[in-house]
Amino acid sequence: MNEGDEPKIEIIREKPDVSLEEEKKEPIEEEAHSKETPDSKDGEEVIEKKHAAPLNPEPKQEHKPHAPKKEIVINIEKHHIAYVLVALVFLGLGFGANLLINGQITGLSSGVDQLNIPQNSKAAQLIDDDPIKGDPKAPVTIVEFSDFQCPYCARFYSETLPQIVANYINTGKAKLVYRDFPLSFHENAQKAAEAAECADEQGMFWQMHDTLFENQNALGVASLKQYAKDLGLDSAAFDACLDSGSMTAETLADMQAGQSVGISGTPGFYVNDQLISGAQPFSVFEQAIEAALEN
């Protein structure tokens, strides 16, 4: 440079390292993908850590300078806003899915707050168009799967049921739903179940129910028709119902419903969500009913 010449300043502008930006974005996308998996935990803490890390990137000596910091910060904030929104959506869906799953396992009943999963949903879900003893609005539901020819069912009828009726059904705390479960090796069980259903058509189910258990050793078709006469039913209508087999499908539907929830023998019960198998003493039912009332 000659004396007197003005010094020239040469400004060298270097382009941002695009490959490095992509290198930084790529792991963020991978983390977001893993964030979306259902097994992720502590989602919000992970988001905060990822948000904090890229704000002060440490330039590596072997690379060229990054693009202006302001531009990088804006881009990262946009990405993280999207990640936060996605995470919130997945958290919301997870909460809703949990309610939906519980609703399907426990069965939401009408008139119940959807966020308050009722404890009696298992039994309530088993109610079809079956006969109910007691107040249909009683808080505790007892569903009985029974066989009129089963000796253990007769024991429950004579020893335990009267105490349940006196202490819980007549007081409005519980209701009893009867469903058929005629076992194939009891030759008269199927027709006896149909006889009770035919009596129900005339509003006399429980009267026939009691008669069948009290005469368990005489459940032939002729006896069933005689019981209908003795109870004052319309004999012609009852006989036609019993002879036609029109109630066979109803009794089999009850049995299939029981099998679907784990009933394999008689008697079998659900007290709200609690399964009770066999002709248990009153104390077992008392404990289950009291627990259901507390919930």
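The values are calculated or read from the model by the stated rules, or taken from the named source; none is laboratory data. Just so we're clear, the structure is a prediction, and the values are computed from it rather than from any experiment. Cβ: placed from backbone, ideal geometry, glycine included. Neighbour counts: every protein chain shown.
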> Which one is surrounded by the fewest Cβ atoms within 10 Å (Cβ to Cβ) among residues in the range 135-168 that are under 25 Å from Leu293 (Cβ atoms) and of a type in the set (Gly, Ala, Ser)?
Replying inline: Ala166
> If you take the residues of the range 178-195 that are surrounded by fewer than 22 Cβ atoms within 10 Å (Cβ to Cβ) and of a type outside the set (D, E, K, R), which of them is nearest to the chain's Cα centre (by Cα)?
Replying inline: Tyr178
> Can you tell me which residues in the range 216-251 are of a type in the set (Val, Ile, Thr) and in contact (Cβ under 8 Å) with a residue 60 or more places away in the chain?
Replying inline: Thr251
>> All but one of (1) more than 21 Å from Phe282 (Cβ to Cβ); (2) out of contact with any Pro (no Cβ under 7 Å at 6 or more places or on another chain) hold for Thr171; state the number of the condition that does not hold.
In response: (1)
>> Could you check the range 214-247 and list, in sequence order, the residues that are in a helix (DSSP H, G or I), out of contact with any Leu (no Cβ under 9 Å at 6 or more places or on another chain) and under 19 Å from Cys150 (Cβ atoms)?
In response: Glu214, Ser223
>> Can you say whether Thr266 is touching a residue at least 24 places away in the same chain (Cβ under 8 Å) and either over 37 Å from the mean Cα position of the chain (by Cα) or assigned by TED's automatic domain parsing to the domain that holds Val143 (or both), as far as the supplied structure shows?
In response: yes
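Counting only residues that are outside any helix (DSSP H, G or I) and in contact with a Gly (Cβ under 6 Å, 6 or more places away or on another chain), how many does the range 152-175 have? Can you show your working first?
In the first step, residues of the range 152-175 are kept if they are outside any helix (DSSP H, G or I); the result is 170-175.
Narrowing the set further to residues that are in contact with a Gly (Cβ under 6 Å, 6 or more places away or on another chain) leaves 175.
Counting residues in the range 152-175 that are outside any helix (DSSP H, G or I) and in contact with a Gly (Cβ under 6 Å, 6 or more places away or on another chain) gives 1.
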